[in-house]
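Trainee: One structure follows; several queries about it will come next.
We did not get these values from a lab; they are worked out from the coordinates using the rules stated. These numbers were taken from a predicted model, which means no experiment stands behind them. Here the Cβ is made from the backbone with ideal geometry for all residues, glycine too, and neighbour counts use every protein chain on show.
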Amino acid sequence: MTEFAELGLSPEILQAVSATGYTTATPIQAQAIPVALTGKDVLGIAQTGTGKTAAFTLPMIERLSQGRSRARMPRALVIAPTRELADQVSASFERYSANQTRKLSWALLIGGVSFSDQELKLDRGVDVLIATPGRLLDHFERGKLLLTGVQILVVDEADRMLDMGFIPDIERIFRLTPPKKQTLFFSATMPPEITRLTKQFLNDPVRIEAARPATTAETIAQHMVRLPTSDPKAKRTALRMLIEAEGIKNGIVFCNRKSEVDIVAKSLRTHGFDAAAIHGDLDQQTRMRTLDAFRSGDLKLLCASDVAARGLDIPDVSHVFNYDVPHHADDYVHRIGRTGRAGKSGRAFMIVTPADAKNIDKVLKLIGKDPEEVVLEGVDFAAIKDTPRDDRRSGRGRPTGRERSRGGEDRPPRPRREREPRTETEDTHVVAAPAAEAAEPEPAPRAPRRERTRHPDRSERPEAPERPERPERTPRRSEPRSEASEDDRRGGKPVVGFGSELPAFLSRPTTPGRK
DNA sequence: AAAAAAC
């Protein structure tokens, strides 16, 4: 175990690090920091969650504190693939540079937010730029930026940039910065195209490979649910049953499509869960705000596209749900890697339908072992059909003349909440939606309230806001589920019954098979 | 197949 104090960092930085509560460096930090401090290039092969950000931020601050600032010329440049990641780097730069006697200035250059603030900072001159490629080059083309003073270039998540088609931009940035500079280059994997890039632009780099947090971290208990149908409504039902049965602290629900992210988030809210969507079609303010809310624990369920699959550092995610099997097996690893972090244990669930046949093979092959199969009892998933209403909203048409919904609404089957955390069993089959009759005397049905959406733009202020400090958000809805009486719950709206969807497990006394 | 990123 290497202590930060052994790495050759200044007292100011060490103090800032210890203020965050860290004393022991991760392997990538222990290896990369001493090398980076000497000014040599680093090729770091490391996944997110290995402490990569500090591994380049700390030596960067150290080296910048020794040099002297030149006006209007950034001395360091950090490139990240997504806006959220860039923001994260910015936050960690701010934290770790807080104690510098000579203050370091920085600017976050990302798309989706106004140019003017960024330009103002650029005009004033900053030491460090933290950017996504598009906006950086945009500023450059507008003549707002001179990159000839860059002494340190950090490329984060290079393989992801490759996936996203950023490599030409990265090459251009390499060429716009002086050849004689230090490059800290990080990638989780080394596909040929990335290797080529490093050979071309890195100068005798020290290669540092952090032990892969194995494709399947031991801290993550992986599960999957096989459904006989690919019907979205059946999937949403299964998702809710899983969430209920798990008694989650918080969780991320990954979908493959942005439209599906919206639908699932909305559906969860309709069913009284505290959920919000994040994906690339939402405006940046909403994305940031939603992420902040999730980080702070204000938001329980984050429905996400793969914008959130990699790199996001949220220390305490208890669950990851793969509503869809990801297109790329790699993405599965990244997605579930949002939980089980920092030594905490996490649980991952994946819904697998006939439509996922191809993708699931690749995923199972990659993780090398079969996740524990979970059986959701008591619901005839094959009989569930989505309502045309959702199809219209999603813009993905269905054949006309489809069977009309019974009851019309996507109503909750309302499985009871399991109070005690589920214990591990050796069974391959776990009943995830147990009858809770005996276990729980108290819980009344959830209360779908009138405010159906927590989208900040539309939020109507409730009469008695529970959280006056966050006026833009409607009160949380997943917690007080049991407060409302049956009458409240009706709230003047027609009560939509279970119809044929009453899950049998609600009427069963216990689940004998469970241990 | 999809997602991400510049206006």
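Trainee: With the cut-off at 24 Å, tell me which of the pairs A:Lys344/A:Lys365; A:Lys52/A:Lys199; A:Lys52/A:Lys235; A:Lys235/A:Lys358 have Cα atoms farther apart than that.
Mentor: Values: A:Lys344/A:Lys365 26 Å; A:Lys52/A:Lys199 21 Å; A:Lys52/A:Lys235 36 Å; A:Lys235/A:Lys358 18 Å.
Over 24 Å Cα-Cα: A:Lys344/A:Lys365; A:Lys52/A:Lys235.
Trainee: How much length is gained if the chain between A:Arg257 and A:Arg102 is pulled fully straight, taking 0.36 nm per residue apart and subtracting their Cα-Cα distance, in nm to one decimal?
Mentor: My answer for the length gained is 51.2 nm.
Trainee: Toward the positive end of the charge dipole of the stretch A:2-209, about the Cα centre and with charges on Cβ (Lys, Arg +1; Asp, Glu -1), which of A:Phe115, A:Ala188, A:Ala19 goes farthest?
Mentor: After comparing all options, I get A:Phe115.
Trainee: Provide the descending list of Cα extents for the stretch A:268-316 along its principal axes, expressed in whole angstroms.
Mentor: Computed over the Cα atoms, the extents are 29, 26, 18 Å.
Trainee: Points 7 angstrom from Cα along the Cβ direction at A:Met1 and A:Lys144: gap in nanometres?
Mentor: 4.6
Trainee: Given +1 on the Cβ of Lys and Arg, -1 on the Cβ of Asp and Glu, and no further charges, what dipole in debye does the stretch A:113-246 carry about its Cα centre, rounded to the nearest 20?
Mentor: So the dipole magnitude of the stretch A:113-246 works out to roughly 160 debye.
Trainee: For A:Asp117 and A:Ala19, what is the calculated FRET efficiency with R₀ set at 35 Å and r taken between the beta-carbons, to the nearest 0.05?
Mentor: Approximately 0.80, to the nearest 0.05.
Trainee: What translational D, rounded to a whole number of µm²/s, comes out for the stretch A:2-209 from Stokes-Einstein when the hydrodynamic radius is the Kirkwood one over Cα pairs, at 4 °C and 1.567 mPa s?
Mentor: On the way: Rh = 16.9 Å.
Value of D from the Cα-based Kirkwood radius: 77 µm²/s.
Trainee: Nearest-5 percent of antiparallel DSSP beta bridges in the stretch A:2-209?
Mentor: So the antiparallel bridges in the stretch A:2-209 amount to around 10 percent.
Trainee: Which entries in the list A:Lys258/A:Lys362; A:Lys121/A:Lys180; A:Lys40/A:Lys181 go over 18 Å, if you measure between the two C-alpha atoms of each?
Mentor: Over 18 Å Cα-Cα: A:Lys258/A:Lys362; A:Lys121/A:Lys180.
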